[in-house]
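The structure appears right after this line, and notes come after that.
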Amino acid sequence: PKPTRIKAEVPHPITGVFFTRDEAEGWQWKRPVGVMVDNHTLARPHHKGISRADIVFEAEAEGQIPRLLAIFHSRDVSEVGPVRSARVYFIDWALEFKAYYAHVGGASTPGPANINDYIQKNGVLSLNQFRLSTTAYTYSGDITIGNIILSHIYYTSTQKLREAGNQIYKNSNRFEQFESFKFKPDAPMEKRGDTSPLILVFRDNEYKVEWTYDKYTNTYIRFQGGSPHIDKLTNTQIRAKNVIVLKMKGYPAGDGTGHILFKTTGEGEAIVYRDGTEIRGKWKRNSIKDRTLLYDNEGKEIELNRGIIWVEIQRS
């Protein structure tokens, strides 16, 4: 008798990657987990677990220094970090996926950037290291400049975070539906373009992001500050199937600090890189309860390749 062919037929709601029914049981019932990650130049050599995220958002915080929000669902990760403090606009992106939101404290000055007010007001499932301590976070030293401690290195894991979340917010570790991007198969080799590299500058060259297109694997390879961006957990350079640039209005929080805010709802310019091509269009998001969706200049929803997605936020 012919061997039974097991079909990968269940699409993942974030990446669109197909899983077999048995594989999909590993994630179908779980809640996604969003983790704030420090992206200071001194923190970058300590990066772990980011390459296993389904979608990553990169946006600037104070001093134009970018931070990352890595969202995990289809794959678990034993270590991710260094975990950084919360900002309200990153919370907005975690809410798109009904995710737990893991962070080490956050902006607490009175005003619109105050994360404690924002978390309470929007029913965010916050997994704050200040509250959870060693039940979900492991301290691994400090990031220092001379004698000044810049920040602490805390790592966590998706399993620890889900266990903690399920205890704090009783029986909350369950999947809640959200809208997916539209997906398509990879373009065949002869239809792939050569648009590369994509370069974005945040604060200065130490934070310059370059995505170089690899036609053979149909992926984008990430460099930051002129060096390959390496995930220490896997010892691999970070890659993505799709890189999306969203232009959003950024403005001071007006709370007497350097805190900034981004307007994460409404619409704005979007540029999508996939298959070695550049597609220009718009992003639209009606409210923070909705997904950010992508449309070309004819108003048709842009289809992404199935796989990891990186979203780069630029001030418009």
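The values are calculated or read from the model by the stated rules, or taken from the named source; none is laboratory data. Being a predicted model, the structure only gives us computed values, none of them experimental. With ideal geometry, Cβ positions are generated from the backbone for all residues, glycine too; neighbour counts draw on all protein chains shown. Surface areas here come from the heavy atoms of the whole protein model, side chains and all, with no ligands, DNA or RNA. Shrake-Rupley method; radii C 1.70, N 1.55, O 1.52, S 1.80 Å.
Please return the ranges of strands (runs of 3 or more DSSP E) entirely within segment 134-234 where 3 or more residues are at pLDDT below 95 and farther than 23 Å from Leu246 by Cα. If you could, list the steps in order and put the result at the bottom.
Details: elements: 138-145, 148-155, 182-184, 198-200, 209-214, 219-224.
Output list reads 138-145, 148-155.
The residues on offer are Glu62, Glu96, Glu79, and the sole one that is modelled with pLDDT under 95 and either among the charged types (D, E, K, R) or under 15 Å from Ser157 (Cβ atoms) (or both) is Glu62.
Conditions (1) open to solvent by 50 Å² or more (accessible area, probe 1.4 Å); (2) modelled with pLDDT of 95 or more; (3) out of contact with any Leu (no Cβ under 9 Å at 6 or more places or on another chain), marked per residue:
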{"position": "Lys241", "(1), (2), (3)": "no, yes, no"}
{"position": "Ile244", "(1), (2), (3)": "no, yes, no"}
{"position": "Gly250", "(1), (2), (3)": "no, yes, no"}
{"position": "Gly256", "(1), (2), (3)": "yes, no, yes"}
{"position": "Glu269", "(1), (2), (3)": "yes, yes, no"}
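For segment 67-79, indicate whether the set of residues that are out of contact with any Phe, Trp or Tyr (no Cβ under 9 Å at 6 or more places or on another chain) and open to solvent by less than 10 Å² (accessible area, probe 1.4 Å) is non-empty. Yes: one or more hits. Scanning segment 217-265 for residues that are under 30 Å from Ala113 (Cα atoms) and of a type in the set (A, V, I, L, M) yields Val243, Ile244, Val245, Leu246, Met248, Ala253, Ile260, Leu261. Determine if segment 86-106 includes at least one residue that is surrounded by fewer than 20 Cβ atoms within 10 Å (Cβ to Cβ) and within 24 Å of Thr257 (Cβ to Cβ). Yes, because at least one residue in segment 86-106 is surrounded by fewer than 20 Cβ atoms within 10 Å (Cβ to Cβ) and within 24 Å of Thr257 (Cβ to Cβ). Lys232 meets each of the listed conditions (1) open to solvent by 20 Å² or more (accessible area, probe 1.4 Å); (2) under 16 Å from Glu58 (Cα atoms); (3) of a type in the set (Lys, Arg) apart from (2). Of all the numbered requirements in (1) outside any loop (DSSP other than H, G, I, E, B); (2) in contact with a strand residue (DSSP E or B) (Cβ under 8 Å, 6 or more places away or on another chain), Gly63 misses one, and that requirement is (2). For segment 139-189, residues that are in contact with a helix residue (DSSP H, G or I) (Cβ under 9 Å, 6 or more places away or on another chain), without any contact (Cβ under 8 Å) to a residue 24 or more places away in the chain and among the polar types (S, T, N, Q) total 1.
Just so you know, in segment 1-40 the residues that are modelled with pLDDT of 95 or more and of a type in the set (Val, Ile, Thr) include one that is farthest from the chain's Cα centre (by Cα), and it is Thr20.
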